[in-house]
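Each remark here refers to the structure printed beneath this line.
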């Protein structure tokens, strides 16, 4: 199992810190550095900045938002980043959510699975440098009856095949991801529930494509807080606002993928309470309602030895790249957590 680092969103006064974190991860031998986007910083610019100032670590989008870009532009961006980074780019895609898609981009959030499938087909075709033509429900290239003609990408990517990941949570999305992608970007994964919530669906998709999970990258992001095992409750409290945001407030009462995942993990009553409190404006109450067990199962908490044991559990469950989101209010704390992660992987015998 390899380690990755997830920088999350650029900004919030941590720009220089994030670069230092990426550079330290590069020095420590982390495999990949991911950057996210929502409605602030864009991931492509961040990854260009990081790739220019690192040497070995891959850079990946987690994610490029499908409603933000036409698929041909994503192919252009992927090819350019792969070329400029010397073949170190990983393309992560996702549909985002209805609030961002419709509120920020003005793109209707409908038929996300069909949109994703067509989008991936166009991106892959464009990056083969064939002349691009496509007829689908959501995209037709070139537009009929006009002056457009099939064009081909003029940039030569460093590699013939750029790894393509999809951010997936729900069963149908996971199955399609297994079928059409090279890896899955996961959030809130519990090692104890990974088989029934995730891998069984990914495996079904791989079987549709005539493949197995061999060579498929199962890549969750886990928040990391290092400390004494006797302080687990305090360490868990670090991530209460984060967990409350996703389980309670990310989306609407009817459409929250993370809340549904918590329910599938057995937290039906708690997920409902967290969401009700969060959406009513009681964010502190929502955070307080989160069981410590839920946080402990979906983060890495405690001593290096305890974190090493949890890493073993994830590796045994089928994770191939474990991306860390180290906690810390200062750069020194985040760097220390990053080093502890590498130490834990070594201690677990997984390096």
Problem set entry | Inter-site label distance for residue 272 and residue 192 at 7 Å from Cα along Cβ, in nm | 2.2
Problem set entry | Which of 197, 74 has the fewest Cβ neighbours within 10 Å, and the rest in rising order | 197, 74
Seminar exercise, completed: Among 24, 179, 160, the residue with the largest mean-square fluctuation in a Gaussian network model of the chain built from Cα contacts under 10 Å is 160
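As a test of the formula, what do you get for the chain when each DSSP H run with n ≥ 4 contributes -39,500 (n - 2.57) and the sum is divided by the residue count, at 222 nm and rounded to the nearest 500 deg cm²/dmol?
-13000 deg cm²/dmol
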For this session: Please express the shape of the chain as an equivalent ellipsoid: the semi-axes are the square roots of 5 times the eigenvalues of the C-alpha gyration tensor, given largest first in whole angstrom.
Result: 32, 24, 19
Seminar exercise, completed: With a Förster distance of 25 angstrom and the Cβ-Cβ distance between residue 200 and residue 114, calculated FRET efficiency to the nearest 0.05 equals 0.65
Seminar exercise, completed: Within the set 146, 170, 318, GNM on the chain using Cα springs under 10 Å gives the largest fluctuation to 146
Exercise. Nearest 0.05, what FRET efficiency do residue 231 and residue 172 give at R0 = 41 Å with Cβ-Cβ as r?
Worked result: 0.55
For this session: Compare 258, 105, 165 in a GNM of the chain, Cα atoms joined below 10 Å, and give the one with the largest fluctuation.
Result: 105
For this session: Kindly provide the pair-distance distribution of region 264-351 built from C-alpha pairs, with 5 Å bins from 0 and whole-percent values in order of increasing distance.
Result: 3, 13, 18, 18, 14, 15, 13, 6, 1, 0
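From the Cα gyration tensor of region 127-171, with a ≥ b ≥ c the square roots of its eigenvalues, which class applies: rounded if a/c is under 1.5, or else prolate if a/b is larger than b/c, or else oblate?
In terms of gyration-tensor shape, oblate.
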For this session: For helix 43-52, report the angle its Cα long axis makes with the longest principal axis of the Cα atoms of the chain; keep it between 0 and 90° and round to the nearest 10°.
Result: 80
Seminar exercise, completed: Once residue 279 and residue 102 are pulled to full extension, the length gained, defined as 0.36 nm per residue separation minus their Cα-Cα distance, is 61.8 nm
Seminar exercise, completed: Volume per residue (Å³) of the convex hull spanned by the alpha carbons of region 63-158 is 102
Problem set entry | Sorted by Cβ density within 10 Å, fewest first, the residues 254, 149, 312 | 254, 149, 312
For this session: State whether region 228-300 is rounded, prolate or oblate according to the following rule on the C-alpha gyration tensor (a ≥ b ≥ c being the square roots of its eigenvalues): a/c under 1.5 gives rounded; otherwise a/b larger than b/c gives prolate, and the remaining case gives oblate.
Result: prolate
Exercise. Could you give the distance between the Cα centres of region 321-351 and region 235-272, to the whole Å?
Worked result: 25
Exercise. Let a ≥ b ≥ c be the square roots of the eigenvalues of the Cα gyration tensor of region 154-232; is it rounded (a/c under 1.5), or, if not, prolate (a/b larger than b/c) or oblate?
Worked result: oblate
Problem set entry | In nm, spacing of pseudo-spin labels at residue 137 and residue 316 (7 Å Cα→C-beta vector) | 4.2
For this session: At 0.36 nm per residue, minus the direct Cα-Cα distance, what do residue 253 and residue 161 gain on full extension? Give it in nm, one decimal, please.
Result: 29.2 nm
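If you take the beta carbon distance between residue 80 and residue 305 as r and set R0 to 56 Å, what does 1/(1 + (r/R0)^6) give as a FRET efficiency, to the nearest 0.05? Write out the running numbers ahead of the final one.
Details: r = 43 Å, r/R0 = 0.77.
According to the calculation, E is roughly 0.85.
Values in this text are rule-based calculations from the coordinates and carry no lab data. Since the structure is predicted, the reported quantities are computational estimates derived from the model, not experimental observations. Note that we place each Cβ from the backbone using ideal geometry, even for glycine, and neighbour counts take in every protein chain shown.
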